[in-house]
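Take a look at the structure below.
Please treat every number below as a calculation from the coordinates, not as lab data. Predicted model only: the values in this text are computed from it and were never measured. With ideal geometry, Cβ positions are generated from the backbone for all residues, glycine too; neighbour counts draw on all protein chains shown.
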Amino acid sequence: MRGLLSILLLLPVLAHAEAPWRLSEVCPAGFRPEQGRCYLQSLYGEYASLQDSGVGGLKTGLPPLREGFTPQQIDLGRLMFFDPLLSGDGTLACSSCHQPSKGFADGRGLSIGINGQLAHRSAPSLWNVGFLKRLFWDARASSLEEQMEGPLYSPIEMGNSPEQLLKSLNESAAYPPLFKQAFGDSAISLDRIYTAITAFESSLVSLNSRYDLYANGVHEVLSKDEIEGMNVFRSFVARCAECHTPPAFTNQQIAILGTPEPDGHAFDSGVQAVTGDASQRGGFKVPTLRNIEFSAPYMHSGRFETLREAVAFYTGGRGHAVPEGEKLNLHWHIWEPNLTDREVDVLVAFLKTLSDESFMPPLPSAVPSGLRPVIDGKSN
Amino acid sequence: MKNPIRLGLLCLGLLCSMPSLWAADIPVKDGESIQDAVNKASPGDVVLIYPGTYKESVYIDKDNITLRGVVEEGKWPVLEGEGKRNDAILYSGNDFTVEWLTITHYKGNAIMGQSGNNFTIRYNKVIDTGVYGIFPQFGKNGLIEYNVLSGIEDAAIYVGMCDNVDVRHNEVFDNVAGIEIENTRHALVENNYAHDNTAGLLVFITPGLPIKTTFDVILRNNFVVNNNTPNFGAPGSIVSKVPQGIGIVVMAADDVIVEGNIVSGNKTAGIVITDLAFITDISSDPESEPNPDRLVFLDNLMFDNGADPVAEVKALMLTQFSRTGPDILATPGSAQEQDNCIINRERYTSFGVKKWSECERKSTADVLSYRIPGGAPSEPVTATNRTKLLYQGICAGCHAYNMRMIGPPTLAVQALYRNDAQGIADYIGEPHKVRPDYPAMPSQGHLSPELRKEVAEYMLKVTK
């Protein structure tokens, strides 16, 4: 009886594995097709921004998005994103640390890589990542293609190598025909892998939050407290909006805040380790705040468990958490705003109006390798 | 609207967009709330604020709203922050005007814009208010005139990351920085009286901001006098590093023209030109070009500057055997080359301008304004067009008119519901999977039933 049950349970998987994979022919939600390629359709499409900077106020154009991929490329990227075939030992997928249910982060201070190794920093959310021109906390990559080589080949993250990645995809039965659907022929190259995953990541847009409705004239969707929080957010006392600038809620600059590390962790020198420039010691890229509600814990090493703690950091006093003996060029907006408890509360309430997961991509029940897709950090 | 003809003429003169035919005056009296009036206002309306004390912060996220104080026999409406409120006026709407207000004792800024094109800020008195007095940010096309500001611990008037702004006829005194043009292009700073600040006029690039340039700035016919107030900027702020006693600072900005100013009595120097090395203790930004280039110094009246310079300037001047600061100082390494120019240089005491060429241009009389004729484009969001905006912005991301996207074509939805807008409104509030070959639709339940119905009605009428 038990044997029969296992066979019955296996059957759908086998059936699926044998059916030919078809990549989606339609653009993901929020994207309209134009000559076979997908372009963002959003509330912000008609707005300009000063110097095309993608920063401003409520009704401001977005930064340029990585778009113009085909539906098939995006869908292929989606399947690879959840496929543990992409890691060195077949246990980890991109989705291990970028989990859909956790704002495409992983709910951890420091992420866990291959063989249970701890990564150096916290996995960032991928919502709206296609708008970013610099990637990683220390901004060391300037494209998603460049970025993904980091975790794919890091011996403490996915632990793969370019050679093995190409080999395993080529040797799988399902992938070459999928690359043909996405790129016209079945050749699998690193560039094509990166393009497809970039295409998928760039499709993760979140621009239909209640905040966005407010910004576009539907003022009644925010409560009195949330509006009060928004006004604290953009006030020149809290100054949040000076760096977390709408509409992307990041100005994409480097800022030195002097946030504390988790207990027992050495000070993270941030951008300085990349550029060698001592004036950038402790600098990190300003992250977006969209869907921030879902991606706790916060800051580069997840030092703050809750949004409230993260917000309260900014009213703790300029440099209050800088270790003794560290000399940091703290950002000029880090000052002494003396926010009241109520202001911190309404700020948190406002941050939750930035939540929108309506364009969550479909989570695959199977992936082309035949391995079990990694959904929410677990192989399903 | 008391006098529609005069208001119309005023608008023509100011290039503001025409108020709608239904524009109304909304009076606010002492004891009432300005914010309540703003909440009631529609584009084109004027909120009239009568003399009294208003203890509130006011935000304006609508287009084409005017806040106008009513001054009666010297009695002004006063916005009072009591040292505990954040900003007095926070606007994001386009075509915003604020005038005839006294603003005092706020923790943050008196008047702050975040985007908002075609702004007008005039006839305001700002006294002893927090960080900045007037601070438009990310705005295109603005006018700041006839304001009087004092006691500000940073810049009294701070034009930050804007384009096409005229700043004229303002008085700024007893501040750290008088008027600051920062990461901004096409600014005309004219006929202002900047006195008794730490520094009078500043044209800056601040590194680390998302918009990186400052260029095409004219400083013309200003009085820049006796700016010797000890620096009382907040620790860590950029202006806290500005030495006292400077009339004009040009840092890293390009194509700055200085003409017709009276610059006198500034104890360190009349004009200081410098690169980004001027501010220390700041994270470097490789995307910010650090050098001031192509400066143009036309005729200015400068005297009595540099009587008691700060130590760094004193040391520099000693190399020229002088104990006093100069009228014009280009710091070593900054703007030393002949792409900069000056006329009648022999009239001034100077440092570092030896190689500057003779200017071909002798006057800026051809430039009357840097604002944009006709204004910057701004389509206001109104109750009538927001339905279209929501349809285009949200629904059309999944539904094309006659083509399959992630959702079924609008035509198919129209065929299914015919005239039943309520049916669509109910469905999108709580969608369930209907078509097996399409994914489930995300709920729009956060929209009110009325708004869902408006959008549904719009969807039924879409024809392409």
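Neighbour counts of other C-beta atoms within 10 Å: give me B:ILE279, B:ILE211, B:ILE179 arranged from fewest to most.
Ranked by crowding around the Cβ, least crowded first: B:ILE279, B:ILE211, B:ILE179.
Let me know the Kirkwood hydrodynamic radius for the protein assembly as shown, please, with Cα pairs as the basis and the value in Å to one decimal.
29.1 Å
Taking θ as phi - 60°, what are the ³J(HN,Hα) couplings along segment A:370-378 by the Karplus curve (6.51, -1.76, 1.60), each to the nearest whole Hz, with x for Gly and Pro?
Values, residue by residue: x, 5, 7, x, 8, 10, 6, x, 10 Hz.
Please get the size of the charge dipole for the protein assembly as shown, origin at its Cα centre, with Cβ charges of +1 on Lys and Arg and -1 on Asp and Glu, quoted in debye to the nearest 20.
1420 debye
Distance from the Cα centre of segment B:216-259 to that of segment B:65-114, in angstrom?
25 Å
Kindly identify segment B:131-381 as rounded, prolate or oblate by the Cα gyration tensor criterion: order the square roots of the eigenvalues as a ≥ b ≥ c, call it rounded if a/c is under 1.5, otherwise compare a/b with b/c, prolate if a/b is larger, else oblate.
Verdict is rounded for segment B:131-381.
What is the distance in Å between the Cα centroid of segment A:313-338 and that of segment B:310-333?
35 Å
Using a cut-off of under 17 Å, list every residue of segment B:123-163 whose amide N is near the label point 7 Å from the Cα of B:LYS75 along the Cα-to-beta-carbon line.
Under 17 Å, as judged by backbone N against the label point of B:LYS75, lies no residue of segment B:123-163.
How much mean residue ellipticity at 222 nm does chain B get from its helices, if each DSSP H run of length 4 or more adds -39500 (n - 2.57) and you divide by all residues, to the nearest 500 deg cm²/dmol?
-4000 deg cm²/dmol
Between A:ASN115 and B:GLN320, what is the label-to-label distance in nm when each label sits 7 Å out along the Cα-to-Cβ direction?
So the label points at A:ASN115 and B:GLN320 sit 6.7 nm apart.
Given H placed on each backbone N at 1.01 Å, which residues far from B:LEU79 in sequence or on other chains put an amide H within less than 5 Å of it?
Amide H neighbours of B:LEU79: B:TYR54, B:THR102, B:ILE103, B:THR104.
What average number of partner chain Cβ atoms lie no more than 10 Å from the Cβ of the residues making up A:144-154?
The mean count of partner-chain Cβ atoms within 10 Å per residue comes to 0.
With runs of 4+ DSSP H residues as the only contributors, calculate the mean residue ellipticity of chain A at 222 nm using -39,500 (n - 2.57) per run, divided by the residue total and rounded to the nearest 500.
Calculated at 222 nm, the ellipticity per residue is -9000 deg cm²/dmol.
Under a Cβ-only charge scheme (Lys and Arg +1, Asp and Glu -1), can you give me the dipole magnitude of segment B:386-461 about the Cα centre, in debye to the nearest 20?
About 200 debye.
What Kirkwood hydrodynamic radius do you get for chain A when you take the inverse of the mean 1/r over all pairs of distinct Cα atoms, in Å?
After inverting the mean inverse Cα-Cα distance, the result is 21.9 Å.
Please compare each pair in A:LYS102/A:LYS352; B:LYS29/B:LYS75; B:LYS241/B:LYS314; A:LYS180/B:LYS433; B:LYS29/B:LYS55 to a cut-off of 21 Å on the Cα-Cα distance and tell me which ones are over it.
A:LYS180/B:LYS433
So which cysteines in chain A don't have a second cysteine's C-beta under 4.7 Å from them?
A:CYS94, A:CYS97, A:CYS240, A:CYS243
Mind checking the mean number of beta-carbon atoms from other chains within 10 Å of the Cβ atoms in B:106-117?
5
Could you tell me the extents of chain B's C-alpha atoms along the three principal axes, largest first, rounded to whole Å?
For chain B, the Cα extents along the three principal axes come out at 90, 55, 42 Å.
Could you state the angle between the C-alpha long axis of helix A:341-351 and the longest principal axis of the C-alpha atoms of chain A, as a value from 0 to 90 degrees rounded to the nearest 10?
Helix A:341-351 and the main axis of chain A meet at about 30 degrees.
Starting with the fewest neighbours, write out B:PHE321, A:PHE313 ranked by other beta-carbon atoms found within 10 Å of each beta-carbon. Don't skip to the answer; put the middle values down first.
Working: B:PHE321 6, A:PHE313 20.
Exposure proxy ranking, most exposed first: B:PHE321, A:PHE313.
In Å and on Cα atoms, what radius of gyration and Dmax does segment A:210-354 show?
In Å, with Rg to one decimal and Dmax whole: 15.6, 50.
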